[in-house]
Amino acid sequence: MVCPLCGERKAKRACPALNKLICAVCCGTKRLVEINCPSDCVYLTTAKAHPPAVVQRQLEHDRALLLPLLGGMSERQARVFLMLSALVARHQGEPFQTLKDEDITLAAEALASTLETSMRGIVYEHRAATLPGDRLLTDLKALVAEIAKEGGTGLERDAAIALRRLEAGARAVARSHPSGTAFQELLVRLLLPTGGPGDSPEGPTAPASSLIIP
């Protein structure tokens, strides 16, 4: 179906003001100019809440926080870091127990310590000090075990390095946003650009990301 306003592009958006389908371009350029949009229009409210310039500045700020964490890592370590970070981005806490940045710090720290202890020939399971952190630790541990099947101790070493970087990032953000969820939200914006924490994992592969590994 062709957009009735421009007569060129496909009409995909339901316009509540015109009560018909229009194209995305006309919706964006003629909104409140030629179209008397109601205040509850989902496209209008989304545009007001997330204007493109604001989104771009947010992404630049997010990259400035996350890219230094990748510095000095090998390509494989960086990919493991992104895989673990994507899992953290998708992780959803239990009702009334939101995953906090402190929980991410504790979970990454505990699993890194367990892997480092194992590489010294000592079997000891470190635990996170909070229940949400311990739930995240269980998921992180399962992912590390899956990606380490072929890599052995070498990949466990890479995972420990990646987890320490994840811990450092979460800890740094938690200092500036105490008792918040800013770090997980940052990971969602960078690593799940088309979805959110509710997206289903697709297995141990590097996530689709707006982040470029240097």
What spacing in nm lies between the two simple spin-label points modelled at residue 157 and residue 76, each 7 Å away from Cα in the Cβ direction?
-> 0.9 nm
Ranked output for segments 137-148, 154-165, 4-15, 29-40 by mean other Cβ atoms within 10 Å, highest leading, reads 154-165, 137-148, 4-15, 29-40
Environment charge of residue 101, counting only residues whose C-beta is closer than 11 Å and scoring Lys/Arg +1, Asp/Glu -1 | -1
If the chain between residue 10 and residue 142 were fully stretched, how many nm would it gain, using 0.36 nm times the residue separation less the Cα-Cα distance?
-> 43.0 nm
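Test of understanding: ordering 74, 118, 85 by Cβ neighbours within 10 Å, fewest first, what list do you get? Numbers along the way, then the final one.
Numbers: 74 10, 118 15, 85 28.
In order of increasing Cβ crowding within 10 Å: 74, 118, 85.
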Pull up the cross-link candidates among the aspartates and glutamates for residue 48, meaning alpha carbon to alpha carbon under 19 Å and not fewer than 8 places away within one chain.
-> 34, 40
Cα gyration tensor of region 52-113, axes a ≥ b ≥ c as square roots of the eigenvalues: rounded (a/c below 1.5), prolate (a/b > b/c) or oblate?
-> oblate
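Values quoted throughout were computed directly from the atomic coordinates according to the rules given, and no laboratory measurement underlies them. This structure is a prediction, so every number in the text was calculated from the model and none was measured. In this analysis, Cβ positions are derived from the backbone assuming ideal geometry, glycine residues included, and neighbour counts consider all displayed protein chains.
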